[in-house]
Each structure stands twice: as C-alpha cells, then as structure tokens.
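J.: Pasting in a structure now, in structure tokens, and then I'll have a few things to ask.
The values are calculated or read from the model by the stated rules, or taken from the named source; none is laboratory data. Note that the coordinates shown come from a computational prediction; the quantities given were computed from them, not determined experimentally. Reconstructed Cβ throughout: ideal geometry from the backbone, glycine too, with neighbour counts over all protein chains shown.
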C-alpha cells in the first residue's frame, strides 16, 4: 500500500510540476514579447529616436507595439495580405487596406498604391504614411494596398485580383525597391504548411510552450556563440527556381513586363516608382551606417536592378530624402514621418508632369 501511495504522490507532484512549468514558460514568453515591444524603441540609435521628436515615450512605445501586433492572413490566389487590426495608431480594414487617418474611401475611382512595409508604414501612425501624405497632396482618395514583405510579384497578383473583381482605379502606383528578392514563394510556403497541418488531424501538444521556449533559447545561444555570416551580396541577386539559375534582374524584368501587360489589358494607368534605399539614399547622420553589411547588400541590390527599372521607364524618387536636414530612417530601411512626407511629395510632383501622364496613358491604350 505504501508503494502505491508513493507512486500516487510522485505522479501527482510530477503533473503539478509540469503544469507549473507550462504556466511559467507561457508567462515568460508573453513577458518577453511585452518587454521587447516596450523597450525596443529605447535601443534605437539617437538619430532614429530623434525622428519621433513630436511623440511622447508612451506614444513611441505604442507605435512599435502596434507594428509588432500586425499579422498576415492567407487569401486564395492573392497570397498573404494584411490582417484586420484596430488600434490607436494602426487601423486596417477587412480587405487589408490601411486607413489614411480619416474615413474609408471607395476603391472604385481612387488612386491605388502598392508596395511593401515601407509603403504600408511601419512604426508611424495612419495619417503619417506615404499614401496618407500623397492623398492630402493630390487632393483625392488614395488606397493603401501595401503589405509587409510584398514585392513586384505579390503586388501584381493583388492588382490582378481587384481588377478581375471589376474594380477600376483612377490610376495605380507601385513603390518598389528593397523587397525585390529571389524568395517569391512566401505565400505558397504558408499554404503548403497549412495543407500539411490540416491532414494531420487533431493533435494536442501540451508541451508546445516549453518546446518553443527551448528552441528559441537554443537558437539565441547558438547565434551568440556562432554569429551568422551574411552571404555575399552577389548571392542575393542570383536566383534558383525549378532547377534553373538566373539573375534576379531577369525575374524583375519579367514581372515589370507582366505588370505593363496587365495594366494595358484592363486599360488602367500604371506607374512604377523606385524608392530610396537605406544606407544608400538620403542624408545619413548615424555614424558608420553606410558601412554596415545591410547597407552593402542594399547597395548591391540597387545597382543590380537599376538598369532594369530604367528600361521599364520607372521613375526614381531615390533623391527625395536628400533635402531633409535630419536622419530620415527609423531603422535600416523604414522611413521617418518626415521621410514619408518627402517621398509622397516627390511622387505627387512626378504625377503632375505631362511626361508621366502621357507615358502612363499610352501604356493603357489597347
């Protein structure tokens, strides 16, 4: 009997210990992400933090919390789009369109703008993004279709989706550059993982928080002991797909040609703009920033794709930040509020020139 009592108490204590471990691990994970969101802005370089001169520390903290709260959802055919979110500084509707700080505008007849996280507006408020400033500059509705991580491939898919549904814009703007990459299967990978999980059936995994924490901690320790070595810049512009190797410029050239054909098919006025690259364009006051590995890769990417964009008659607004007296970035590639305003002004000026209007309208002729 004593043996059974002992076994019983061991089992009960083991179960209790496991529950406590799960709860403590879960609390640790949640606390880590809370602290990361709270103290992330404090670790920014002084030059980047100074771009928030009109914000209180609590507001800066909330801007970054809202940025970290952004999530994706998978939409058939289109791929990954922005999930709906309502917060103090970030408001995204059920279609994945971010607010410009005022009432929602109808999609039909508006100016549409596509891009990645720099166009969407990371760590700036709804009314401080490039589309929001552009809307006020043009005096007409601008729809922010930008999605974090989107490049030309994903933007083309999203545009095709809305055109097929029967919506028609007044004009379409693409702000491209830093997100052009060989890794074009982000959304299909997500779908593949979802399909695989759906076929596994129901699985209860009470150890997930512990496994997640152990894997994350192990990864961080490994990174600290053996820092990752960035690949040579030349590797980032060399693609391999379906067993074939080709330069990133070839893929980008095809995507831009596909975009022109799509806009011509639907008789839509379209124009591609090339954005400023962090570490390469704009006044830079952060010491040594242009000598970082990230800046080196941005420089290699821009130099590799610059001839492609020129051949496609893209408009370069890469000098939009040059006149700003202050540091125009909040991190390695995302713009400050002043940077967003300056880029929007540069785009608006180009849209108003007869040369742009003539080129865009002729491309839309059947």
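J.: Quick one: count up the residues across the stretch 141-150 that are surrounded by fewer than 24 Cβ atoms within 10 Å (Cβ to Cβ) and in contact (Cβ under 8 Å) with a residue 40 or more places away in the chain.
T.: 2
J.: Which of the residues that make up the stretch 77-110 are surrounded by fewer than 14 Cβ atoms within 10 Å (Cβ to Cβ) and either in contact with a helix residue (DSSP H, G or I) (Cβ under 8 Å, 6 or more places away or on another chain) or not assigned by TED's automatic domain parsing to the domain that holds residue 130 (or both)?
T.: 77, 88, 102
J.: Yes or no: the stretch 273-285 includes at least one residue that is in contact with a helix residue (DSSP H, G or I) (Cβ under 8 Å, 6 or more places away or on another chain), modelled with pLDDT of 95 or more and part of a helix (DSSP H, G or I).
T.: The answer is no, given that none of the residues of the stretch 273-285 is in contact with a helix residue (DSSP H, G or I) (Cβ under 8 Å, 6 or more places away or on another chain), modelled with pLDDT of 95 or more and part of a helix (DSSP H, G or I).
J.: Scan the stretch 49-96 for residues that are touching a strand residue (DSSP E or B) at 6+ places or on another chain (Cβ under 6 Å), under 16 Å from residue 162 (Cα atoms) and outside any strand (DSSP E or B) and report the count.
T.: 1
J.: Picking from 277, 273, 316, 302, which residue would you name as being in the same structural domain as residue 346 (by TED's automatic domain parsing) and over 30 Å from residue 60 (Cβ atoms)?
T.: None of the others qualify; the one that does is 316.
J.: Considering (1) in a helix (DSSP H, G or I); (2) farther than 19 Å from residue 343 by Cβ; (3) within 18 Å of the chain's Cα centre (by Cα), say which one residue 132 fails and leave the rest.
T.: Result: residue 132 fails condition (2) only.
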